[in-house]
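In what follows, a single structure is set out as structure tokens and then discussed.
The values are calculated or read from the model by the stated rules, or taken from the named source; none is laboratory data. Everything quoted here is computed from the prediction, not taken from an experiment. Cβ sites come from the backbone with ideal geometry, for glycine too, and all protein chains shown count toward neighbours.
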């Protein structure tokens, strides 16, 4: 089974929220986040998460150091976007900064 097929077949097996800061939407543990927030990430970051994700890491709780590094970089990017949105005030669109 391909990685893509594996992820698509996963269901909600436990509480697991989208990894976007402040988003509480529940997603299957094999997924990084909800669809809107996943596609807010730059493709380069999505590709890093995808490339370093190992099917089953959400079950054995043993992601690789490369995956953890990618996930940390994604969190830094998300916080930067949120901080920019706050500093720009109403009407600021994420990704413009």
Discussion item. Looking at segment 8-26 only, could you name the residues that are closer than 16 Å to residue 49 by Cα and in contact with a helix residue (DSSP H, G or I) (Cβ under 9 Å, 6 or more places away or on another chain)?
Written reply: 18, 19, 20
Worksheet item: Quick one: residue 82 ticks every box in (1) in contact (Cβ under 8 Å) with a residue 60 or more places away in the chain; (2) out of contact with any helix residue (DSSP H, G or I) (no Cβ under 8 Å at 6 or more places or on another chain); (3) not in a helix (DSSP H, G or I) bar one, so which box is it?
Response: (3)
Worksheet item: Residues of segment 58-76 being surrounded by 15 or more Cβ atoms within 10 Å (Cβ to Cβ), assigned to a helix (DSSP H, G or I) and modelled with pLDDT of 95 or more, which ones?
Response: 67, 70, 71, 74
Practice prompt. List every residue pair whose Cβ atoms lie under 8 Å apart, where the two residues are 6 or more positions apart in sequence or sit on different chains, the first residue falls within segment 68-79 and is over 19 Å from residue 39 (Cβ atoms), and the second residue, located anywhere, is modelled with pLDDT of 95 or more.
Written response: 69/52
Worksheet, complete the sentence: Of (1) part of a loop (DSSP other than H, G, I, E, B); (2) closer than 19 Å to residue 63 by Cα; (3) touching a helix residue (DSSP H, G or I) at 6+ places or on another chain (Cβ under 8 Å), residue 33 fails just (3)
Worksheet item: Which condition number in (1) over 21 Å from residue 82 (Cα atoms); (2) touching a helix residue (DSSP H, G or I) at 6+ places or on another chain (Cβ under 9 Å) is the one that residue 70 fails?
Response: (1)
Worksheet item: Considering only segment 2-47, how many residues are in contact (Cβ under 8 Å) with a residue 24 or more places away in the chain and loosely packed, with under 11 Cβ neighbours inside 10 Å?
Response: 1
